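The values are calculated or read from the model by the stated rules, or taken from the named source; none is laboratory data. Remember, it's a predicted structure, so these values are computed and weren't measured experimentally. Neighbour counts run over all protein chains shown; Cβ positions are idealised from the backbone, glycine included.
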Amino acid sequence: MYRYDDYDQRLIEERVQQFRGQVERFAAGELTPQQFLPLRLQNGLYKQRLAYMLRIAIPYGTLNSTQLRKLADISRRYDKGYGHFSTRQNMQLNWPELEDVPNILAELATVQMHAIQTSGNCIRNTTADHFSGVAFDEVEDARPYCEIIRQWSTFHPEFAFLPRKFKIAVCGSAQDRAAIHVHDIGIEIVRNDSGETGFKIMPGGGLGRTPVIAETICEFLPKQHLLTYLEAILRVYNQLGRRDNKFKARIKILVKAMGIDAFRERVEAEWKQLKDGPNTLTDEAIAHAKSFFKPPTYVAVALDGAAADAALNQQASANAAFARWLKHNTAPHKQPGYAIVTLSLKQTGFAPGDATAEQMEAVAALADRYGFGEIRVSHHQNLVLPDIRKEDLPSLWETLKVIGFATPNIGFLTDIICCPGGDYCSLANAKSIPVAEAIQRRFDDIDYVFDLGELDLNISGCMNACGHHHVGHIGILGVDKKGEEFYQISLGGNQGKDASLGQILGPSFSQADVPEVVATILRTYVDQRTEEETFLDTFRRIGLEPFKERVYVKS
């Protein structure tokens, strides 16, 4: 992973001191709340319902064991002993005191972490496929390009005050694990007919009040032009994006208003002025970025993939619980004898995406013991150990059971994406966490969950869609009805390369009714599906009406 040089470290430390002074001036009444607002936002500090919330950047979801231990230590000393991992691959602290925030940022700087540009109308933390670099289906590792984008976008003076926040995601695999179609710019690493790799560029995606699937503006962009092309898109958006109405300020609104062809024409005209300029990437610059993401030294004894698989299958056949976890929580690794392990942060009774300080420390220890000290944060609010020898999987599983991260539900109904909702967020219309728990408790029969097959259920507490409900196979949105919390349900969303937005089922439901409504939807699916069909397959074949008829049946 990327390591700071002296310049990086000095820059971060200077920013900490700047913010310390700003906090002191605000506390002394020398800055008004309005003046302090943009200063705290660009340092990742929000004012939530009951307290401040600090959003800590985890670039492209990659961190090391030392950094995870620091997050655990900070959460214990400055917060309530836990952190929340978000769909942006960041970590959020929900209860820091304002006067402690400069100290937290100083602590983060000691392990090459920060909270810069995790909020505000700027380019946010660039996200990536959490399996980058190890995925069996990978075209090319996305992380070096994410790092190039991060260095280019951090403190970029031209893009510090955009019309609205701006999010970029990069995926280099056959399967989209980064939701690239619902970002302000989605970037897919692709291979052309000559075998060269480059980028497919898709601007104008996004969720929130007006959900939009991104459209392709460039089918194949040579690597050296990545930054100049992104800069052209950002310049057009910065010049033409609406600033009079924050609900219409995102780039998705601009692209829709102009049309993708007119938008492309404007971007191409801007790019002509930038192409082959100072931000053109050289082979040396790309090689330098890649040098930080070289594969680790894999253990030779693990390289016999066939032998490792045979031994593992034998152990699985003797233990059904281990076999379930092995099937659902591990993924193929490009290196023979190794596996990618996803740690489920979706144990019933705990808020999805939350991890205690003790759990974070335990994961850091496991990363050191069984891997190469590296951890990933997934878009689905889980943690990933990317390099685990197959022979170590049984003992790793035993430890994960103890710390509560071995629930074998990755990609299934109870692996719920869920925002913090009304329990924390000042923007939320309704609570999310209790709904997630009620659904998990309603569907506690793991065999039934497995029989349902792959199924994404996403919950958001408001239209800002931090829980990505629009692209859940089943999406749940909290709404306010005259001061009471209700929940609107949508079906048929999908975040993959065949991305789709969910269709609203009908009138909303009370919180108490939601689990049974979901049960009715699932019974309808089971009754209607054909052999080997997933929920999404069935929905796309039969449409919304059969589900609506069953859910809203008149007694």
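One table, with the values for the structure above:
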read-out	value
Residue check for residue 196: surrounded by fewer than 16 Cβ atoms within 10 Å (Cβ to Cβ) and not aliphatic (A, V, I, L, M)	yes
Hits in the stretch 20-45 - residues which are in a helix (DSSP H, G or I) and in contact with a helix residue (DSSP H, G or I) (Cβ under 6 Å, 6 or more places away or on another chain)	20, 22, 23, 26, 36, 39
Hits in the stretch 166-193 - residues which are farther than 16 Å from residue 495 by Cβ, surrounded by fewer than 18 Cβ atoms within 10 Å (Cβ to Cβ) and touching a residue at least 12 places away in the same chain (Cβ under 8 Å)	190, 191, 192
One residue from 443, 450 being of a type in the set (A, V, I, L, M, F, W, C) and surrounded by 20 or more Cβ atoms within 10 Å (Cβ to Cβ)	443
Failed criterion for residue 309 (all others in (1) in contact with a helix residue (DSSP H, G or I) (Cβ under 8 Å, 6 or more places away or on another chain); (2) assigned by TED's automatic domain parsing to the domain that holds residue 220; (3) acidic (Asp, Glu) hold)	(2)
Those residues of the stretch 406-429 which are in the same structural domain as residue 455 (by TED's automatic domain parsing) and among the aromatic types (Phe, Trp, Tyr), in sequence order	424
Every residue from the stretch 291-308 that is in a helix (DSSP H, G or I) and surrounded by fewer than 14 Cβ atoms within 10 Å (Cβ to Cβ)	291, 292, 300, 301, 306
When residues of the stretch 46-66 are limited to those that are in a helix (DSSP H, G or I) and over 27 Å from residue 186 (Cβ atoms), the one farthest from the chain's Cα centre (by Cα)	66
Residue in the stretch 64-74 that is basic (Lys, Arg) and within 16 Å of residue 357 (Cβ to Cβ) present	yes
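Listed here are the residues, each with its yes/no results for (1) surrounded by fewer than 22 Cβ atoms within 10 Å (Cβ to Cβ); (2) over 21 Å from residue 58 (Cβ atoms).
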| site | (1), (2) |
| --- | --- |
| 325 | no, yes |
| 345 | no, no |
| 353 | no, no |
| 356 | yes, no |
| 362 | yes, no |
| 386 | no, no |
| 399 | yes, yes |
| 407 | no, yes |
